[in-house]
1. Go through (1) hydrophobic (A, V, I, L, M, F, W, C); (2) in contact (Cβ under 8 Å) with a residue 60 or more places away in the chain; (3) exposed (fewer than 15 other Cβ atoms within 10 Å of the Cβ) for B:L65 and report which single condition fails.
2. Which members of the stretch B:142-162 meet the condition of being within 18 Å of B:N192 (Cβ to Cβ) and either in a helix (DSSP H, G or I) or within 16 Å of DNA strand D (Cβ to nearest atom) (or both)?
3. Can you confirm whether B:R87 is away from ligand 1 (no atom under 16 Å from the Cβ) and within 15 Å of the chain's Cα centre (by Cα)?
4. Looking at the stretch A:73-89, is at least one residue out of contact with any strand residue (DSSP E or B) (no Cβ under 8 Å at 6 or more places or on another chain), of a type in the set (G, A, S) and under 26 Å from A:A157 (Cβ atoms)?
5. Give all pairs with beta carbons closer than 8 Å in which a residue from the stretch B:115-135 that is on the phi < 0 side of the Ramachandran plot meets a residue that is crowded, with 16+ Cβ neighbours inside 10 Å and hydroxyl-bearing (S, T, Y); count only pairs at least 6 apart in sequence or on separate chains.
6. Taking the options A:F106, A:F117, name whichever one is over 13 Å from A:W86 (Cβ atoms), touching a helix residue (DSSP H, G or I) at 6+ places or on another chain (Cβ under 8 Å), of a type in the set (A, V, I, L, M, F, W, C) and in the same structural domain as A:R182 (by TED's automatic domain parsing).
7. Test B:L202 against the stated conditions and say whether it is within 16 Å of DNA strand C (Cβ to nearest atom) and either under 22 Å from the mean Cα position of the chain (by Cα) or at pLDDT 95 or above (or both).
8. Mind listing whichever residues of the stretch A:163-190 are assigned to a loop (DSSP other than H, G, I, E, B) and within 16 Å of ligand 1 (Cβ to nearest atom)?
2 protein chains.
Amino acid sequence: MPSPDRKISESTVRRLSAYLRSLEALEASGAEMASSGELARRAGTTAPQVRKDLSTFGSFGKRGLGYPVVPLIGSLEAILGLTREWRVALLGAGRVGAALHTYPFFRERGFRIVAIFDNDPEKVGLRWDDTTIRHIDELESVLAGEAVEIAILTVPAAPAPALADRVVRAGVGAILNFAPARLELPPHVVVNEVNLAMELELLSFALTRSEPR
Amino acid sequence: MPSPDRKISESTVRRLSAYLRSLEALEASGAEMASSGELARRAGTTAPQVRKDLSTFGSFGKRGLGYPVVPLIGSLEAILGLTREWRVALLGAGRVGAALHTYPFFRERGFRIVAIFDNDPEKVGLRWDDTTIRHIDELESVLAGEAVEIAILTVPAAPAPALADRVVRAGVGAILNFAPARLELPPHVVVNEVNLAMELELLSFALTRSEPR
DNA sequence: CTTGGGTTGTGAATCTATTCACAAGCGGGC
DNA sequence: GCCCGCTTGTGAATAGATTCACAACCCAAG
Ligand SMILES: NC(=O)c1ccc[n+]([C@@H]2O[C@H](COP(=O)([O-])OP(=O)(O)OC[C@H]3O[C@@H](n4cnc5c(N)ncnc54)[C@H](O)[C@@H]3O)[C@@H](O)[C@H]2O)c1
Ligand SMILES: NC(=O)c1ccc[n+]([C@@H]2O[C@H](COP(=O)([O-])OP(=O)(O)OC[C@H]3O[C@@H](n4cnc5c(N)ncnc54)[C@H](O)[C@@H]3O)[C@@H](O)[C@H]2O)c1
């Protein structure tokens with residue numbers, strides 16, 4: 001047994017997620033075992049890194065053979081918390097919200113969108129699949145009633161910080177934020193920011209540094 | 001003068017992007033100077049980190065006073081490569097592509113979407129604002145003709161790697177990839193992956209580790 | 001002109017992550 | 001039963017990023 005709970009770095013968890021995807025591709029192609037080298041190749045990292053990452057959580061492989069694909073998928077799902085359903089709310093029924101709502105990944109991985117909110121009277125009352133868009137005024141009561149655990153913010157930047165405070169006060173423990181606004185929340189809340197500006201600026205920075213030579 | 005070009009870490013560049021956004025908020029509120037502490041508070045980091053990051057590129061502040069807001073905005077824009085226009089192509093005119101196309105950030109920051117591609121005959125020929133959706137068969141000729149520098153992949157995972165190869169062969173130097181597929185490209189190509197699964201799994205991992213106590 | 005509160009810029013120290021190297025283990029062949 | 005090729009698991013070494021501490025500096029006030 002390796003260690004019950006020392007601190008795990010974010011990059012390790014991101015790589016676990018990549019290993020899981022690689023293993024699923026391997027499973028689909030019929031492979032029963034996968035070496036750290038094979039996983040590294042598919043996930044875009046190195047073999048020692050794969051072994052180190054996995055060894056943080058246990059001993060999953062067989063020396064001389066590699067890692068058994070199907071059992072390791074199960075282990076990674078357990079580690080990542082994917083063996084249960086998560087109850088998710090979407091705040092902001094705009095373009096990004098709509099793209100997310102139709103994204104099949106959510107269903108497949110057990111992230112269930114159980115509530116959608118907006119403040120536009122034209123949108124409130126519409127149904128997206130089985131879910132009726134509720135007015136943002138009903139936020140607290142619906143979040144409590146639906147036992148929402150994760151909130152996804154796809155509203156404009158201006159209302160985002162106040163809405164984040166509200167969902168946290170209503171008991172939501174994790175937020176995925178697409179709005180370009182910084183959220184200041186108590187440390188027990190898990191926040192993850194997706195910032196398109198940053199991603200593009202990373203590209204323009206790299207191009208600017210490499211092109212002029 | 002600090003250093004012409006040693007290796008800059010990705011996290012430094014991401015923070016520069018955050019500082020730029022913070023400075024623009026400060027400018028809007030009329031501030032003329034900003035201390036490293038103030039920038040750190042807004043960008044969610046620490047004051048020494050801000051100073052270290054900026055000192056990588058030069059000496060922008062005045063001791064005792066802080067950093068001059070407007071000049072530093074200009075310097076950061078120059079460092080990040082935002083003082084010129086970038087010619088961008090969108091591959092995949094689906095939901096994510098549509099959300100990106102309407103996102104005002106692109107215009108504001110000089111990322112000009114000059115070409116849109118799809119392989120769905122229903123979509124080819126439609127116009128999104130000024131841009132006609134082209135068939136993916138025309139990829140190479142249009143990319144060359146429009147001198148595209150950055151490609152954004154919003155196609156399904158299956159065709160993504162092959163399309164990435166094609167845009168690189170057509171001279172595109174940077175790719176922002178939304179498809180959950182690993183792209184293997186020559187090292188001079190800048191690739192940035194946006195992976196929603198990873199972002200959500202990071203949340204479920206953190207919730208799983210914190211809740212059961 | 002000098003003092004003092006405030007802030008930057010940066011080498012050094014610390015902390016964290018990745019890479020390396022290799023002993024330990026597995027199974028197949030003979 | 002015993003080698004041999006292959007692969008894991010992991011402590012140690014290296015590399016990298018962040019934090020610290022403080023000299024250098026700026027301006028305003030007296
Ligand atoms: N479009 C993109 O590609 C893109 C990319 C990255 C980030 N973002 C960010 O994601 C967010 C959403 O973008 P979008 O393109 O979907 O915008 P959008 O305008 O299409 O959707 C925003 C939705 O939020 C609703 N809304 C506004 N204020 C609200 C409030 N106080 N309470 C509840 N709902 C409210 C609006 O009615 C609208 O339906 C924005 O913050 C944007 O900056 C967008
Ligand atoms: N919807 C989301 O919220 C979301 C989130 C994260 C990632 N993604 C990923 O982004 C990508 C796009 O998602 P989407 O929801 O916009 O899907 P979508 O089906 O709405 O759009 C995909 C578009 O790509 C086009 N296309 C398919 N094959 C093509 C090819 N060979 N050449 C050119 N065009 C082709 C389709 O005609 C369609 O218009 C997918 O890879 C998806 O996994 C989606």
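1. (2)
2. Selection gives B:A160, B:P161.
3. Answer is yes for this residue.
4. Of all residues in the stretch A:73-89, those out of contact with any strand residue (DSSP E or B) (no Cβ under 8 Å at 6 or more places or on another chain) come to A:73-84.
Among the residues that remain, those that are also of a type in the set (G, A, S) are: A:74-75, A:78, A:81.
When the remaining residues are screened for being under 26 Å from A:A157 (Cβ atoms), the result is none.
No: zero hits.
5. Listed pairs, sorted by first residue: B:A115/B:T131; B:I116/B:T131.
6. On the way: A:F106 fails: over 13 Å from A:W86 (Cβ atoms).
Criteria check complete, one pass: A:F117.
7. Details: within 16 Å of DNA strand C (Cβ to nearest atom): yes; either under 22 Å from the mean Cα position of the chain (by Cα) or at pLDDT 95 or above (or both): yes.
In short, yes.
8. Residues of the stretch A:163-190 that are assigned to a loop (DSSP other than H, G, I, E, B), as a first pass: A:170-173, A:178-189.
The answer is A:A170, A:V172, A:F178, A:A179, A:P180, A:A181, A:R182, A:L183.
The values are calculated or read from the model by the stated rules, or taken from the named source; none is laboratory data. A quick note: this is a predicted structure, and the numbers were derived from the prediction, not measured. In this analysis, Cβ positions are derived from the backbone assuming ideal geometry, glycine residues included, and neighbour counts consider all displayed protein chains. Accessible surface is based on the protein model in full, side chains and every heavy atom, while ligands, DNA and RNA are left aside. Shrake-Rupley method; radii C 1.70, N 1.55, O 1.52, S 1.80 Å.
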